[in-house]
Structures are given as structure tokens and as C-alpha cells.
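See below for the structure under consideration.
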Amino acid sequence: MQFGALIMGNLYVLIGFDVEHDAEPFSDTCEGVKKGIPSILNVLDELDIQCTFNILANIIDDNFDVLKQIKTHGHEIGCHSYDHEALAFLSDEEIHWRVEKATEVIQKKFGERPVTFRSPYLLGNTFLIKKLNEYHYLLDSSYLIAHHKTQVLPYHQSEIDWTSKGELNLLELPVSSDPYIDDPEKSDLWPWWRIIGAKDAKLKINRLITKQNEYGKINVITFYLHPWEFINLEKARMDLPDEQKKRICGGTGEKAIGNFKDILMWLKKQKNATFTTMKAFRTIWDELIPI
Ligand SMILES: [Zn+2]
């Protein structure tokens, strides 16, 4: 697939895993954390890639043995909130304590304050963004291009509207989607990268690169994935309509591992490709584009 010719400057690839219950919120098991994370770490070691794991704070105690391996393998520990409530729909007070508690728990368990955040369900709001900024987070990655459409590259948020550019220190890292498809569900890379396959993701990434090229010579590709996608959930018992179950659990397990490797190896071959954690990317971005 043609790609190299599209890259005019640097290409940054940022992979974020939301570490949570299996098919959150449809189960309370953590088999994906226990069995999926070791598979993911193997693939990342093999390809020499570092990435970010945004962890749901209330699963840490029961899964710490496997979670601590993430750090041992050189990846970043970020935050995926405290209990996976849809923060955007909660009161300011309820958002506040969840950000505070999740940050404290992660800092206490991993010995380092998280600086990267991803909202449950990719639902951000302006109060949350200002709270993250106040709590010294450096980067949020909750803006889904498929849903919001306007931003296709990282930006500092406005304190009036988190989806617009402004002066906050927090950097928003939009999650990659195909900007030329109107239907949010169809333009999203997820879950099609594992259901349709790597080819679909490559096509959408190509189209995002084309769009980003309208703005300059920096290309940034951001993924949202989950450890539970890397174990087979197709036969798992979930109280869900068939169609929804197919969308959530389709292609999980071996197929997902194969597609994941395929996409990563393809991206690694591209001109000037750098794979990095979100935290490290923040430093790179500040040097490229001073605030
Ligand atoms: Zn989540």
C-alpha cells in the first residue's frame, strides 16, 4: 500500500491501551489484564516499541503483579480514571474526586505521578480538562476524530471549550480516525482494525495522513486499544444483543494479535517513523511547536 510518499516530515506513532475490565462495562472480570497484557508486552518487546497504558485505578490492587510488568518493560503508566464512570455526564464534584483519587492511587502504587489521561468511552468535557490541567497532567487523549471531526493534530485546549484550540498547558492528542468518512462509527479505526482487519486500518491511516498534510510536515497517529481485545472473548458470556456482542468481541484473541503486529510492522517500515510513549511525545511536541 502506498504510504511513504505521503510522509513529508516526521511520523509519530502513539499507542495507548485502556487497561480495564473485560469489554468494560459488560463484565467485572479482568482476564484481558491477566492474559492479554503478557501477549502485548511480547509483541512490543519483539518490535522494540514503547507505548502508554492508561490504567483504571480500581483494578490495580487485584492485578498488580501483571500491571507492574508494564513499567518493567519500559512503558508509560497513565490514567484511565478511577471507576470507568462516563465522566462527561457527572457533576463537577464527582469528576473532581475521581481524578484526585485515581491520580493518588496510581502514584502510590507505581511510585510515579501519571501525566497522561484517557477518559472512559472517550468522553471528555471542559471541566475535566481544566481539572487534569490543574492536577499537572501533560497530555489527554480523549478527543476522537471520528466523533468531533475538527482537530486532526495535537493541540492545546481552550478553557472555554476543550475541543477547540486555546492556551491550557494540557496537550490534547486526537485519536486517529478517517477524517473523510462522516459516519463516526464507520470512520473509527476501532474495532474494525480487528474485525475487518489490518487493511482497513491502513487505508484509514493513509487518509488521515493526507488530511494532516494540509497543516504541515508533522504526522501523528494515535491508537486506542484494550488488553481484553487480545484474549478470545467471542465465547464469553455477556448479556448483550448479538450484533453488539459481535462488534465488541469480534476478532478478539489471536486474530487481534495478528492484525496488531501487521499494522505495527507496516508502520515501522514507513519513512521517519518514531514510536514513543505519550509522555515522551509531549517533550518532542514542545520542542517542535513551542507553546
Ligand atoms: Zn475504557
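The values are calculated or read from the model by the stated rules, or taken from the named source; none is laboratory data. Only a predicted model underlies this, so the values are computations on that prediction, with no experimental measurement involved. Methodologically, a virtual Cβ is constructed for each residue, glycine included, from the backbone with ideal geometry; neighbour enumeration extends over all protein chains shown. Side chains included, ligands, DNA and RNA excluded: accessible areas come from the protein's heavy atoms. Shrake-Rupley method; radii C 1.70, N 1.55, O 1.52, S 1.80 Å.
Per-structure values
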{"quantity": "Top-ranked residue of region 67-78 - restricted to ones that are assigned to a helix (DSSP H, G or I) and open to solvent by 50 Å² or more (accessible area, probe 1.4 Å), ranked as farthest from the ligand (Cβ to nearest atom)", "calculated": "Thr72"}
{"quantity": "Selection count, region 106-127, where residues are among the aliphatic types (A, V, I, L, M) and either free of Cβ contacts under 8 Å to residues at least 12 places away in the same chain or away from the ligand (no atom under 16 Å from the Cβ) (or both)", "calculated": "1"}
{"quantity": "Verdict on Ala102 being assigned to a helix (DSSP H, G or I), within 15 Å of the ligand (Cβ to nearest atom), out of contact with any Phe, Trp or Tyr (no Cβ under 6 Å at 6 or more places or on another chain) and without any contact (Cβ under 8 Å) to a residue 60 or more places away in the chain", "calculated": "no"}
{"quantity": "Qualifying residue in region 205-219 (condition: at pLDDT 95 or above, within 28 Å of Cys30 (Cα to Cα) and aliphatic (A, V, I, L, M))", "calculated": "no"}
{"quantity": "Output for region 44-66, where each listed residue is open to solvent by less than 10 Å² (accessible area, probe 1.4 Å), away from the ligand (no atom under 16 Å from the Cβ) and part of a helix (DSSP H, G or I)", "calculated": "Leu44"}
{"quantity": "Helices (runs of 4 or more DSSP H) within region 191-291 that include 2 or more residues of a type outside the set (A, V, I, L, M, F, W, C)", "calculated": "198-212, 242-249, 254-268, 278-288"}
